[in-house]
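Working notes for the structure below.
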Amino acid sequence: QVQLVESGGGLVQPGGSLRLSCAASGSIFSIKVMGWYRQAPGKQRELVATITNSGSTNYAGSVKGRFTISRDNAKNTVYLQMNNLKPQDTAVYYCNANYDSNGWGQGTHVAVSS
């Protein structure tokens with residue numbers, strides 16, 4: 001069982017930056033891929049970015065070039081660096097391990113507004 005705790009969300013102005021963190025604990029050795037997802041009000045949860053243990057990354061087209069997913073194995077933590085934020089990025093952001101539908105963290109809210 002993997003436990004995930006997201007943090008780093010907040011209110012930022014358009015064009016601003018934010019760095020989200022996802023701390024993993026429990027059966028961390030079972031993790032092969034980590035992902036960041038987001039869910040805006042009234043919308044379905046969508047995949048934002050993934051990173052495998054080998055370092056391969058994938059991004060949604062809407063965030064590519066602006067967001068960067070990375071990991072720090074020593075801290076068992078995955079990050080999402082969010083630059084040039086837009087109002088459309090407003091959502092609750094979640095991390096997930098191994099695409100496990102039962103492995104969601106509590107989420108962290110990101111609001112991009114003037």
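The values are calculated or read from the model by the stated rules, or taken from the named source; none is laboratory data. All values derive from a computational prediction rather than experimental measurement. All Cβ positions, glycine included, derive from the backbone under ideal geometry; neighbour counts span all protein chains shown. Areas reflect the complete protein model, heavy atoms only, side chains present, ligands, DNA and RNA absent. Shrake-Rupley method; radii C 1.70, N 1.55, O 1.52, S 1.80 Å.
Quick check: at a probe of 1.4 Å, how many percent of the accessible area of the chain sits on carbon and sulfur atoms?
The nonpolar share, carbon plus sulfur, comes to 48 percent.
Once phi is turned into θ = phi - 60°, what whole-Hz ³J(HN,Hα) does the Karplus curve with 6.51, -1.76 and 1.60 give for every residue of region 90-103, x standing for Gly and Pro?
Those phi angles translate into 4, 4, 8, 9, 10, 10, 8, 10, 6, 6, 7, 5, 9, x Hz.
Give the residues of region 8-45 whose amide nitrogen is closer than 19 Å to a point set 7 Å from the Cα of residue 114 in the direction of its Cβ.
Only 11-17 fall inside the zone, counting backbone N under 19 Å.
Under 13 Å from the Cα of residue 64, which aspartates and glutamates turn up, not counting those fewer than eight places away in the same chain?
Excluding near neighbours in sequence, the set is 89.
What shape does region 20-61 have by the C-alpha gyration tensor, where a ≥ b ≥ c are the square roots of the eigenvalues, rounded means a/c under 1.5, and otherwise prolate means a/b greater than b/c and oblate the rest?
oblate
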